[in-house]
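The structure appears below as C-alpha cells.
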Amino acid sequence: TQLLEQSPQFLSIQEGENLTVYCNSSSVFSSLQWYRQEPGEGPVLLVTVVTGGEVKKLKRLTFQFGDARKDSSLHITAAQPGDTGLYLCAREYYTGNQFYFGTGTSLTVIP
Amino acid sequence: GAGVSQSPSNKVTEKGKDVELRCDPISGHTALYWYRQSLGQGLEFLIYFQGNSAPDKSGLPSDRFSAERTGGSVSTLTIQRTQQEDSAVYLCASSLAGQGFSPLHFGNGTRLTVT
C-alpha cells in the first residue's frame, strides 16, 4: 500500500504558539505535496517538495523534505486562527502521476 | 467556471438505492481523480483517469462502485445498492498530468448520507 502516516492526528494550540506536523512513509517519494483543507471545501495545495533536504518557506510556514525522501515536516510559526484546518500530505506514485494522501493532521488554533 | 465543479453538493439516499455523483474538471486537465473522505480523515483513493488510458480502478472498495469519464471531460461516480458505510464526502480532483509536478485541483465534494 502507499501508506503515508501523519502525526499528530489532532492538535489544538493557542494563537501565537509554534507547531510541527509530520508525514512519514517507509518508501521513497518522488515528490511530496502539502495541502490544507477547510471545512466544506476541497484541499488546496500549499507546496511541492522534490529534492531530498529541500526547505521551502511560505510566509510563516516552513516545509522540509527529508534527506532520504521518506519523510517531510511542516512547521508553523506564531500560529493564527486562520491556520485552522486539516493538513494533508500527498505523495506522487513513481509512475502515472497518481497521488496518495496521508491520514491528515487536524489543527485548531484558539484565539 | 474556472474550478472543479461537483454535483450535487449534498445527497441523502436510502440504503439499497443507487446514486450518481458528477464531476466537471477544469478544462484542459487530462487527469481526473476520485477520493473518499470520512469525517475529519484523510483521503482514500478510489479511481484515476488519465487521458485515453485505461483507468486505474485499484482503489474502488467493491464492485458496487464504478466510474466513467465521457469525452475526456465530465466524470460520473456511481454507487449501486448503497450501504450506510458508503456515507462520506466524495471528492473529485483534476490536474495537468505530465506537466511536471502538477497540483491537484479539488472540487468542494459531494456529501453522501445513506440512511
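Coordinate-derived values only; no laboratory data. Remember, it's a predicted structure, so these values are computed and weren't measured experimentally. When we count neighbours, we look across all protein chains shown, and the Cβ atoms used for this are built from the backbone with ideal geometry, even at glycine.
In nanometres, what is the gap between the two model label sites at A:Ile110 and B:Ser87, each 7 Å from Cα along Cα-to-Cβ?
For the pair A:Ile110/B:Ser87, the computed spacing is 2.9 nm.
What is the sum of charges around A:Phe101, taking Lys and Arg as +1, Asp and Glu as -1, for the other residues whose C-beta is under 14 Å from the C-beta of A:Phe101? Write out the running numbers ahead of the final one.
On the way: positive: A:Arg36, A:Arg91, B:Arg36; negative: A:Glu5, A:Glu92, B:Glu44.
Net local charge, A:Phe101 excluded: 0.
What are the aspartates and glutamates whose alpha-carbon lies under 15 Å from the alpha-carbon of B:Lys57, with same-chain residues fewer than 8 places away excluded?
B:Glu44, B:Glu68
Looking at A:Gly102, A:Leu32, A:Gly85, which one has the Cα that reaches farthest to the positive end of the dipole of segment A:20-111 (charges on Cβ: Lys, Arg +1; Asp, Glu -1)?
So the residue we want is A:Leu32.
Post the alpha-carbon centroid distance, segment B:50-115 to segment A:53-96, in whole angstrom.
That distance is 25 Å.
A:Ala68 label point, 7 Å along Cα→Cβ, cut-off 14 Å on backbone N: hits in segment A:1-24?
A:24
In nm, to one decimal, how far is the B:Asn10 label point from the B:Asp63 one, both placed 7 Å along Cα→Cβ?
3.5
Count neighbours as other Cβ atoms within 10 Å of each site's Cβ, and list the trypsin sites (Lys or Arg not before Pro) in segment B:1-97 that are DSSP loop with at most 15 such neighbours. Spell out each step's value before the answer.
Values: sites: B:Lys11, B:Lys15, B:Lys17, B:Arg22, B:Arg36, B:Lys57, B:Arg64, B:Arg69, B:Arg81; in loops: B:Lys15, B:Lys17, B:Lys57, B:Arg64, B:Arg81.
When the trypsin sites (Lys or Arg not before Pro) of segment B:1-97 are filtered for loop state and at most 15 Cβ neighbours within 10 Å, B:Lys15, B:Lys17, B:Lys57, B:Arg64, B:Arg81 remain.
Give the long-range amide H neighbours of A:Glu54: residues separated by 5 or more places, or on another chain, with amide H under 5 Å away, using H modelled in the peptide plane at 1.01 Å from N.
Under 5 Å from the amide H of A:Glu54: A:Phe65.
Which of the lysines could a cross-linker bridge to A:Lys70, judged by Cα under 22 Å and excluding same-chain residues fewer than eight apart?
Cα-Cα hits under 22 Å: A:Lys56, A:Lys57.
Which chymotrypsin sites (Phe, Trp or Tyr not before Pro) in segment A:14-111 pass both tests, a DSSP loop state and at most 14 other beta-carbon atoms within 10 Å?
Those that pass, being in a loop and sparsely packed, are A:Tyr94.
Compute the distribution of all C-alpha to C-alpha distances in the protein assembly as shown, in bins of 10 Å from 0, and list the percent of pairs in each, rounded to whole numbers.
8, 33, 35, 20, 5, 0
Please average, across the residues of A:45-53, the number of beta carbons from any other chain that are within 10 Å of each residue's own beta carbon, and give a whole number.
Shielding by partners across A:45-53 averages 2.
Loop only by DSSP, 10 or fewer other Cβ within 10 Å of the Cβ. Give me the trypsin sites (Lys or Arg not before Pro) in segment A:1-92 that pass, ordered by residue number. Could the numbers behind the result be given before it?
Values: sites: A:Arg36, A:Lys56, A:Lys57, A:Lys59, A:Arg60, A:Arg69, A:Lys70, A:Arg91; in loops: A:Lys59, A:Arg60, A:Arg69, A:Lys70.
For trypsin sites (Lys or Arg not before Pro) across segment A:1-92 that sit outside H, G, I, E and B with at most 10 neighbouring Cβ atoms in 10 Å, the list reads A:Lys59.
Could you run the Karplus curve 6.51 cos²θ - 1.76 cosθ + 1.60 with θ = phi - 60° over segment B:33-42 and give me ³J(HN,Hα) per residue in whole Hz, x for Gly and Pro?
Working through the residues one at a time gives 10, 10, 10, 10, 10, 7, 3, x, 9, x Hz.
What is chain A's relative contact order, in percent, from Cα pairs under 8 angstrom and six or more apart in sequence?
37
Rounded to the nearest 20 debye, what is the charge dipole size of chain A about its Cα centre when +1 sits on each Lys and Arg Cβ and -1 on each Asp and Glu Cβ?
240
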